[in-house]
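A quick write-up on the structure given underneath.
The values are calculated or read from the model by the stated rules, or taken from the named source; none is laboratory data. Nothing here was measured: the structure is a model prediction, and the numbers come from that model. Every residue, glycine as well, gets a Cβ built from its backbone with ideal geometry; the counts of neighbours run over all protein chains shown. Side chains are part of the model used for accessible areas, which takes the heavy atoms of the whole protein and leaves out ligands, DNA and RNA. Shrake-Rupley method; radii C 1.70, N 1.55, O 1.52, S 1.80 Å.
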Amino acid sequence: MVIGEAFIKKISETAEKNKSRVILALDISDLINSKRDKERVWTRAVSIAKAAKEHVAAIKVGYPLILATGLEIVKELKKETQLPIIGDFKIADIGNTNKWIAKHAHNAGIDALIAHAFIGEDAIKDIIDVIIEFDDGLFLLVDMSHPGATMFIKPHLHELTDLAVKLNVTGVIAPATRPEEIAIVRKRLPSKMLILSPGVGAQGGKPGQAIKNGADFEIIGRKIYTATNVYDTARSLAEATWRAYNERGT
Ligand code: BMP
């Protein structure tokens, strides 16, 4: 048993239904100076989510979208897509502050959260208290996909992964831009714990590669939401990730 069994069940069901191992990173945004600006971003985000919904297993929302539209969009996205929603607030504060972030996220309808593993055990346990109370999921970042992550985070990959295992969280985030790391992380994790991997497409990772190396889902944003045909692009990424997952055989 890991924390977030209900979330794992939910995302596994949508993955199976849509034959997809893609999580859509819905980073639709713009600067908001009027009610109309906000409505425009809101409408665009919902329409992209609807266009992609048959070919993704979940939606990840984060600062770009939420700072533009407010957390209220989460309930609309759930209503329109019926997909699980991951809140990517990269929580990295003291425990008391983290608890409030987690409570607001749950209250808005978010099903799982992402936090930095480097904040350490006590500050993560405060998030876990809220996650368990509401039966949500929690993912910890054990490395990041951008080049600068190799300066401070990557050297601690093993320890950060071991902390995630010790705390029995739902899973971890590891970079598709360095797929060899995913294989390392996979070996250290119990099979129940998920690996979500960003960095596919716009950041250079090849669709399906992270999954071949042991990831369970690929988090993909720009390659989908900037495509001329969102539906077709999401469909072809769904096919590539689904094939990679089934060929891997676990
Ligand atoms: P894109 O496919 O457009 O590069 O988007 C990737 C998404 O994953 C973005 O929401 C980004 O904030 C997030 N992400 C990432 O790219 N690398 C990480 O290491 C961690 C992330 O959450």
Kindly indicate the residue of the range 100-142 that is touching a helix residue (DSSP H, G or I) at 6+ places or on another chain (Cβ under 9 Å) and touching a residue at least 60 places away in the same chain (Cβ under 8 Å) and also surrounded by the most Cβ atoms within 10 Å (Cβ to Cβ) among those meeting that condition. A112
Hey, any hits in the range 143-150 for a residue that's assigned to a helix (DSSP H, G or I) and either free of Cβ contacts under 8 Å to residues at least 24 places away in the same chain or out of contact with any strand residue (DSSP E or B) (no Cβ under 6 Å at 6 or more places or on another chain) (or both)? yes
Residue match in the range 80-99 (condition: closer than 21 Å to I11 by Cβ, assigned to a strand (DSSP E or B) and open to solvent by 50 Å² or more (accessible area, probe 1.4 Å)): yes
The range 194-232, residues that are open to solvent by 20 Å² or more (accessible area, probe 1.4 Å), within 12 Å of the ligand (Cβ to nearest atom), in contact with a helix residue (DSSP H, G or I) (Cβ under 7 Å, 6 or more places away or on another chain) and part of a helix (DSSP H, G or I): K223, Y225
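Every residue, every condition in (1) touching a Phe, Trp or Tyr at 6+ places or on another chain (Cβ under 7 Å); (2) away from the ligand (no atom under 14 Å from the Cβ); (3) open to solvent by 30 Å² or more (accessible area, probe 1.4 Å), yes or no:
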site	(1), (2), (3)
M1	no, yes, yes
K10	no, yes, yes
T14	no, yes, no
N18	no, yes, no
I32	no, yes, yes
K35	no, yes, yes
T43	no, yes, yes
A51	yes, yes, yes
V56	no, no, no
Answer yes or no as to whether R235 is in contact with a His (Cβ under 9 Å, 6 or more places away or on another chain), of a type in the set (D, E, K, R) and more than 9 Å from the ligand (Cβ to nearest atom). yes
Given the criteria among the acidic types (D, E), under 22 Å from R21 (Cα atoms) and either open to solvent by 10 Å² or more (accessible area, probe 1.4 Å) or touching a helix residue (DSSP H, G or I) at 6+ places or on another chain (Cβ under 7 Å) (or both), does D162 qualify? no
Any idea which of (1) part of a helix (DSSP H, G or I); (2) over 16 Å from A117 (Cα atoms) is the one P190 doesn't satisfy? (1)
So, first residue modelled with pLDDT of 95 or more in the range 61-81, second residue more than 16 Å from the ligand (Cβ to nearest atom) and not in a helix (DSSP H, G or I), Cβ within less than 6 Å, six or more apart or across chains; the pairs are A68/I32; V74/G109; K75/G109; K78/G109
